[in-house]
Amino acid sequence: RLWRVADRTLVRTLSGHTAAVNTVAFSPDGRLLASGSYDSTIRFWDVATGNLVRMYNQETHGGVLSIRFSPDGRFFAYACFDFRVAVARRPTFPEGDIDFNGCVDDADLLAVLFGFGSTGSGLAEDINHDQVVDDSDLLTVLFNFGRGC
């Protein structure tokens with residue numbers, strides 16, 4: 001449940017986890033809420049709407065104990081009950097928003113175009129995380145162009 005502390009009112013209830021939620025964290029910009037659960041998933045919620053933005057379940061076996069965002073909001077770290085600790089790139093919001101300004105725009109398109117053909121892990125322009133900036137990433141930006149603006 002998401003509460004407005006100032007007047008103690010319930011803003012909304014977020015539903016989706018299939019087991020108890022152990023941890024939550026707000027992104028530095030306050031637009032995302034991450035929740036980690038015994039169901040071995042991390043869910044990212046749009047705070048303004050309550051909509052589920054993304055579900056993350058890579059290397060989360062045994063349930064998620066703790067989650068935190070990096071100060072710049074580009075990464076998140078999490079710890080699991082099986083003693084695994086990991087850092088991952090924050091899912092884009094909306095999909096294709098590479099610079100995290102809330103809008104899929106010319107800057108995101110140019111980032112993919114200039115990075116086109118680059119390979120490696122952790123590339124911001126590699127939207128689908130296949131370790132290459134390619135047609136799939138370009139199409140994601142084009143299909144989502146103007147979202148969030």
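The values are calculated or read from the model by the stated rules, or taken from the named source; none is laboratory data. All values derive from a computational prediction rather than experimental measurement. Every residue, glycine as well, gets a Cβ built from its backbone with ideal geometry; the counts of neighbours run over all protein chains shown. What goes into the accessible areas is simple: the full protein's heavy atoms, side chains included, and nothing from ligands, DNA or RNA. Shrake-Rupley method; radii C 1.70, N 1.55, O 1.52, S 1.80 Å.
Let me confirm something: among 31, 54, which residue is open to solvent by 40 Å² or more (accessible area, probe 1.4 Å) and closer than 20 Å to residue 122 by Cα?
54
Mind telling me which of the residues 6, 25, 48 ends up being among the hydrophobic types (A, V, I, L, M, F, W, C) and farther than 27 Å from residue 103 by Cβ?
Just a single option satisfies the conditions, and that option is 6.
Here are some conditions: (1) modelled with pLDDT of 90 or more; (2) closer than 26 Å to residue 1 by Cα; (3) in a loop (DSSP other than H, G, I, E, B); (4) not aliphatic (A, V, I, L, M). Residue 146 meets all but one. Which one does it not meet?
(2)
So which residues in segment 58-80 are over 11 Å from the mean Cα position of the chain (by Cα), assigned to a loop (DSSP other than H, G, I, E, B) and more than 20 Å from residue 16 (Cα to Cα), if there are any at all?
70, 71, 72
For segment 12-57, what are the residues that are without any contact (Cβ under 8 Å) to a residue 12 or more places away in the chain and not in a loop (DSSP other than H, G, I, E, B)?
Residues satisfying the conditions do not exist here.
Of the residues that make up segment 3-10, is at least one modelled with pLDDT of 90 or more, of a type in the set (Val, Ile, Thr) and surrounded by 10 or more Cβ atoms within 10 Å (Cβ to Cβ)?
No, that holds for no residue.
Among what's in segment 95-132 and is open to solvent by 40 Å² or more (accessible area, probe 1.4 Å) and of a type in the set (Gly, Ala, Ser), pick the residue that is farthest from residue 28 (Cα to Cα).
The extreme case among them is 117.
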